[in-house]
Amino acid sequence: MAQTMIQFSTKPVKHSALAALLRTTTASCTPHRLALPSTGSGCYPQKRLSLHNSPSTHFRPSPPLRSRARGSTTPCSVITTKKTPMLCGLSTKATPEPKTLAPEVVEITERKIDLDGRITLNVREAGGDGPLVVMVHGFPESSYSWRHQLKALAAAGYKAVAYDQRGYGASDKPEDSAAYNIAELCKDCKELIGALGYENAVVVGHDWGSVIQWNMCLFYPEVVTATASLSVPFTERQPQLPTIDMKEKYGDDFYILKFQEVGMMEDLWMKDVRKYAYAFFVGPHTMEMQLEDVELPDWLTEEDIDQWVECFEKSGFVGPLNYYRNMNRNWELTKDVQPEGKQITIPTLVMMGDGELQFLRDAASGMGDRVPNLTYKEVADCGHWIQQEKPQQVNEGMLEWLQQYAPVK
């Protein structure tokens, strides 16, 4: 099994529009200080290392765990073997691949699911009764951010599901900020899996969705057959409260500390939701432009912007910001499930753009000991919004990995 190559890197890495916007709106954050939390204890800059491409790399050899959702009655598909397409310079190998449909013929449906009166979630889904893949979105997004993956996974025979997290879109929005703690968020995911008729699932997260995805592996490892994180690595538990740690390292003006101030950012962003949609996904320079003059990147359409605006005009930003306002509470809640040296041994995929924030890429270089059954793939010319920016590469990478650890039978 090929080993990961870690080298010092002098390659300049561009930062995402999200990071630039947060730097602008909080006035004092420098790019390397812009942290997106991973586990309940947070994620902070580590050594200046970066990972370079290597063949479908595992940090440490480990026998594959082949699993699928129990309780499914899907008949076996005919399995063929062929070379998997190159992914961002990664070497390929022969892998079993089931017969698939064309993604464009797959229909995505939308419905609300009540979880025993606790919470009602808005769910997008596609596919039949194959192995379940549940995708959890980040900040500030919604289940719509997984539109490309829903079709690709369903076309390959999986039951693909993405949901609006509590506080987002058409899902319920509890008023109590404490209702957005990590235990409740993970319980939402676990109970959704059960409500869909499955005992277990592959859980995939992006950004804050990765916080839930990683913590699902800590709170409910028996429910997670395999897991994947886009952009956010699994980090060690910090020795002190996250807000104290951030203040000591980055000062009072660090953006996550600004997010603790109720009413500041949510009121600012609600003044012009469409304007901030462009700022988040294109760049803060758009704040000084007429929107009709803004050139969208090739991965983003006006329809995508409309979906985002509709979502946040409906939900506002209070719920989404409450995720950040529970970071200290999350640190307390995870002390028993993430003791010092805790490993996640579930088969794991991490995909990260080469233009992701450097400290997140650096943190990924230290995951080998914490996640021994890890496959790491880097996506070229890609920033933070990885599954939207590079859907083909992400889909190919996910499917190659899924066929090994959660194959369609």
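Summary table below
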{"item": "Residue in segment 279-287 that is open to solvent by 80 Å² or more (accessible area, probe 1.4 Å) and closer than 26 Å to residue 170 by Cβ present", "result": "no"}
{"item": "Filter result for residue 307 (open to solvent by 20 Å² or more (accessible area, probe 1.4 Å), within 29 Å of residue 246 (Cα to Cα) and in contact (Cβ under 8 Å) with a residue 24 or more places away in the chain)", "result": "no"}
{"item": "For residue 231: the one exception among (1) more than 15 Å from the chain's Cα centre (by Cα); (2) buried (at least 24 other Cβ atoms within 10 Å of the Cβ); (3) of a type in the set (Ser, Thr, Tyr)", "result": "(1)"}
{"item": "All positions within segment 234-265 that are open to solvent by less than 10 Å² (accessible area, probe 1.4 Å) and out of contact with any Phe, Trp or Tyr (no Cβ under 8 Å at 6 or more places or on another chain)", "result": "254, 255"}
{"item": "Unique match (being closer than 23 Å to residue 385 by Cβ, open to solvent by 10 Å² or more (accessible area, probe 1.4 Å) and either free of Cβ contacts under 8 Å to residues at least 12 places away in the same chain or part of a loop (DSSP other than H, G, I, E, B) (or both)) among 152, 170", "result": "170"}
{"item": "Test: residue in segment 131-139 that is open to solvent by less than 10 Å² (accessible area, probe 1.4 Å), closer than 17 Å to residue 311 by Cβ, touching a residue at least 40 places away in the same chain (Cβ under 8 Å) and in contact with a Cys (Cβ under 8 Å, 6 or more places away or on another chain)", "result": "yes"}
{"item": "Criterion violated by residue 406 - all others in (1) closer than 19 Å to residue 145 by Cβ; (2) modelled with pLDDT of 95 or more; (3) among the small types (Gly, Ala, Ser) satisfied", "result": "(1)"}
{"item": "Any hit, segment 372-379, residues being of a type in the set (Lys, Arg) and over 25 Å from residue 298 (Cβ atoms)", "result": "no"}
{"item": "So residue 268, is it assigned to a helix (DSSP H, G or I) and surrounded by fewer than 15 Cβ atoms within 10 Å (Cβ to Cβ)", "result": "yes"}
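Listed here are the residues, each with its yes/no results for (1) modelled with pLDDT under 95; (2) polar (S, T, N, Q); (3) more than 15 Å from residue 330 (Cβ to Cβ).
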| residue | (1), (2), (3) |
| --- | --- |
| 156 | no, no, yes |
| 172 | no, no, yes |
| 182 | no, no, no |
| 190 | no, no, yes |
| 193 | no, no, yes |
| 210 | no, yes, no |
| 224 | no, no, yes |
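The values are calculated or read from the model by the stated rules, or taken from the named source; none is laboratory data. Since we're looking at a predicted model, the values are computed, not measured. Heads up, the Cβs are rebuilt from the backbone with ideal geometry, glycines too, and the neighbour counts pull from every protein chain shown. Accessible surface areas use protein heavy atoms only, side chains included; no ligands, DNA or RNA. Shrake-Rupley method; radii C 1.70, N 1.55, O 1.52, S 1.80 Å.
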